[in-house]
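Single-structure report; data block below.
The values are calculated or read from the model by the stated rules, or taken from the named source; none is laboratory data. Quick caveat, the model's predicted, so the values are computed rather than measured. Backbone-built Cβ (ideal geometry, glycine too); neighbour counts: all protein chains shown. Accessible surface areas use protein heavy atoms only, side chains included; no ligands, DNA or RNA. Shrake-Rupley method; radii C 1.70, N 1.55, O 1.52, S 1.80 Å.
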Amino acid sequence: MNQKSAIPKDASAVILLNQSGDRILWAQRNPQLAFLGGYHAFPGGKLEATDRLVKIKNCTDEDLAQFIACAVREAFEEVGVLLVRGGEKLTKGQRASLHDDLISGRMTFAEILEHWNLWIDATDFFYTGFWTTPKFSPVRFKTRFFLALCPPKQEPHAAISELQNVEFIRPNDALNEWKNSKVLIAPPVLLSLKTLAENLTADESGFTQIKYDSKIKDQRLKNITKKLLENSQAADGQIRYMELNSRVTCFPLKTETLPPATHTSCFIVGRKKFIVIDAASTDDAERNVLHALIDSFIEKEFACQAIITTHLHRDHFGGETVLQKHLQDKFGLSIPIAAHRLTAESLAGKVEFQKFIAGGEAFDLEDENGADFQLQTLHTPGHARGLLAFYDAEFGFLFSGDNVIGSGSVVIAPPEGNMKDYLNSLERLKNLPNLRFLCGSHGAAVSDAKGKIESYIAHRLERERKILKAFVNGAKTAREIVEQVYTDISPALYELAEKSVAAHLEKLYEEEKI
Ligand SMILES: [Zn+2]
């Protein structure tokens, strides 16, 4: 079953500079949000129909005008900063009252500006290009980015519950947090930070106390804008992979996976010494972009230690042998393909494995500076008997495979799947020391790994309670139980749900509860 990718929605975001021009504003998205929950981001959001109604001075391009209006509205909604002319006469209390009018929907943003005689001047905004959320994401945006200065005497703050930890930060400090896996950052923000870190230093010519209405004259802002725009244009706004921290790349590859997922994440962990996990795509075009990235590693004399298959399912293998051959033909390397022995047995005749991972051993890897770190291997049966997960204990980063995924639900289908084993595996993962983030084989990384695993366990136990109740009440076939218990899924998924019911019944039987 191959799903179509979601159509990107139009959006705007603003890279807000502080008055002395050496820091940018970022904030953490609420971990509960479905889209990039817990990630650090710039203020921004979806274009609204009323953004067209906002009048913008010095802008003849109607399309651009609505995106500027969207950026200004979002900045006001999210962090309470009013990027308008004429706003200096408003008191803090008045701004709060306007904010309330906007959030409550009493007035549109256009009406607010008109009523208070405020206006947006397009020359206050530097368009730095657009970025489109990758195809693997169930929700996608095509976001236009603008660089703007924070007007004097306005203090950004979390003005809505969707955001927290709003702060101005030096781009270099933000990058260090990302490098050391203290935060999660989406690719457009990371790419912008890298460019800003190189160009936004508070040196002698730094823009100390730039006047809000004269910044267009500032050559440095124009230069930074040019560089940001060039990056976006060079990539055509497309993102192919995500660097989760300084030593992990997540490369979603199109696979024949289960909806709503469309891709399986291939992970490249380590740099000077690295491994590749689940090079799964059977599609040549997909394989080629992955190979190009791995080639660039080899060309930097980074050493590949192994190509690993996490488990037997068809969306997790299919590209490993081709990658092995590619590295042999192009560089004369012989890289072993590795998996758990149970996986190797199941895939006999399809994939030839040279190395076995029992779980408990560790890979000695190196980051780009040659500093070594360990990646622990974990045998976590339940979803599949030979399923492997991996843990970077120093960074608290778990590669959870198909145990826990960013979007969609995990199928436990006997006899390969076993519910009791699955819940035991989740317990083990939940209790990993120093656990902070996780990234599964499908969907985005998760900022609250422990909370996510706990919610998985709670969800399964709740389902089990309902299944037991349905069974006691006389539902005798798996289908009857599904119809009573899985009231929140479409009938198209009943067949999968029946397998989960069978897994729960098997566990209940083993525990002598039925
Ligand atoms: Zn699987």
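The test for being under 24 Å from ALA34 (Cα atoms) and either buried (at least 22 other Cβ atoms within 10 Å of the Cβ) or modelled with pLDDT under 95 (or both) holds for GLY440.
Where residues in segment 404-433 are of a type outside the set (Asp, Glu) and without any contact (Cβ under 8 Å) to a residue 40 or more places away in the chain, which of them is most open to solvent (accessible area, probe 1.4 Å)?
PRO415
With respect to LEU375, is the statement that it is within 14 Å of the ligand (Cβ to nearest atom), open to solvent by less than 30 Å² (accessible area, probe 1.4 Å) and in contact (Cβ under 8 Å) with a residue 12 or more places away in the chain true? Criteria not met by LEU375. Residue selection: GLU286 satisfies the criterion of being in a helix (DSSP H, G or I) and either over 28 Å from GLY370 (Cβ atoms) or within 16 Å of the ligand (Cβ to nearest atom) (or both).
The set of residues in segment 140-155 that are among the basic types (Lys, Arg) and either at pLDDT below 95 or within 20 Å of ALA444 (Cβ to Cβ) (or both) comprises ARG140, LYS142, LYS153.
Beta carbons closer than 9 Å, at least 6 apart along the sequence or on distinct chains, pair a first residue in segment 76-100 that is touching a residue at least 60 places away in the same chain (Cβ under 8 Å) and closer than 21 Å to ASN30 by Cβ with a second that is acidic (Asp, Glu) and open to solvent by 60 Å² or more (accessible area, probe 1.4 Å) for GLU78/GLU162; GLY80/GLU155; VAL81/GLU155.
The set of residues in segment 482-514 that are assigned to a helix (DSSP H, G or I), of a type outside the set (Phe, Trp, Tyr) and farther than 11 Å from ALA413 by Cα comprises VAL482, GLU483, GLN484, VAL485, PRO491, ALA492, LEU493, LEU505, LYS507, LEU508, GLU510.
The rows are residues; the columns are (1) within 24 Å of the chain's Cα centre (by Cα); (2) at pLDDT 90 or above.
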{"position": "ARG170", "(1), (2)": "yes, yes"}
{"position": "SER192", "(1), (2)": "yes, yes"}
{"position": "GLN219", "(1), (2)": "no, no"}
{"position": "LYS222", "(1), (2)": "no, no"}
{"position": "GLN238", "(1), (2)": "yes, yes"}
{"position": "GLU243", "(1), (2)": "yes, yes"}
{"position": "THR262", "(1), (2)": "yes, no"}
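For segment 405-418, residues that are away from the ligand (no atom under 12 Å from the Cβ) and under 18 Å from LEU342 (Cα atoms) total 3.
Here LYS46 clears all of (1) closer than 15 Å to GLN154 by Cβ; (2) loosely packed, with under 15 Cβ neighbours inside 10 Å; (3) touching a Lys or Arg at 6+ places or on another chain (Cβ under 8 Å) except the condition numbered (1). Listed here are the strands (runs of 3 or more DSSP E) enclosed by segment 336-398 that have at least 2 residues being under 26 Å from the mean Cα position of the chain (by Cα): 362-366, 372-379, 388-392.
Of everything listed in (1) in a loop (DSSP other than H, G, I, E, B); (2) more than 16 Å from the ligand (Cβ to nearest atom); (3) under 26 Å from GLY360 (Cα atoms), the single unmet condition for THR310 is (2). Whenever a residue of segment 168-183 is open to solvent by less than 20 Å² (accessible area, probe 1.4 Å), its partners that are of a type in the set (Asp, Glu) and not in a loop (DSSP other than H, G, I, E, B), lying with C-beta atoms within less than 7 angstrom and at least six residues away or across chains, give the pairs VAL183/GLU177. Figure legend. Inter-residue proximity from segment 299-318: first residues polar (S, T, N, Q), second residues within 8 Å of the ligand (Cβ to nearest atom) and in a strand (DSSP E or B), beta-carbon distance below 7 Å, spacing 6+ or different chains. Indicated pairs: THR310/GLY401.
Only one entry of ARG479, ARG465 meets the criterion of being in a helix (DSSP H, G or I) and at pLDDT 95 or above, and that entry is ARG465.
Residues of segment 324-345 include at least one that is within 15 Å of the ligand (Cβ to nearest atom), open to solvent by 40 Å² or more (accessible area, probe 1.4 Å) and not polar (S, T, N, Q).
Being over 23 Å from the mean Cα position of the chain (by Cα) and among the hydrophobic types (A, V, I, L, M, F, W, C) is a condition met by at least one residue of segment 419-433. Residues in segment 391-404 that are of a type in the set (A, V, I, L, M, F, W, C) and either within 19 Å of SER346 (Cα to Cα) or within 15 Å of the ligand (Cβ to nearest atom) (or both): 2 in all. Would you confirm whether any residue within segment 346-355 is of a type in the set (Asp, Glu) and either in contact (Cβ under 8 Å) with a residue 24 or more places away in the chain or under 16 Å from PHE390 (Cβ atoms) (or both)? Yes, that holds for at least one residue.
Can you tell me which residue within segment 24-39, out of those that are outside any loop (DSSP other than H, G, I, E, B) and touching an Asp or Glu at 6+ places or on another chain (Cβ under 8 Å), is surrounded by the most Cβ atoms within 10 Å (Cβ to Cβ)? Among those residues, the one meeting the criterion is TRP26. In this structure, is ASP51 of a type outside the set (A, V, I, L, M, F, W, C) and out of contact with any helix residue (DSSP H, G or I) (no Cβ under 7 Å at 6 or more places or on another chain)? Spelling it out, it is not the case that ASP51 is of a type outside the set (A, V, I, L, M, F, W, C) and out of contact with any helix residue (DSSP H, G or I) (no Cβ under 7 Å at 6 or more places or on another chain). Just checking, does segment 424-439 include any residue being within 15 Å of the ligand (Cβ to nearest atom), part of a helix (DSSP H, G or I) and out of contact with any Phe, Trp or Tyr (no Cβ under 9 Å at 6 or more places or on another chain)? Scanning segment 424-439 turns up at least one residue that is within 15 Å of the ligand (Cβ to nearest atom), part of a helix (DSSP H, G or I) and out of contact with any Phe, Trp or Tyr (no Cβ under 9 Å at 6 or more places or on another chain). Would you please name the residue that is modelled with the lowest pLDDT, looking only at residues in segment 109-139 that are in a loop (DSSP other than H, G, I, E, B) and open to solvent by less than 40 Å² (accessible area, probe 1.4 Å)? If we take residues in segment 109-139 being in a loop (DSSP other than H, G, I, E, B) and open to solvent by less than 40 Å² (accessible area, probe 1.4 Å), then PHE136 is modelled with the lowest pLDDT.
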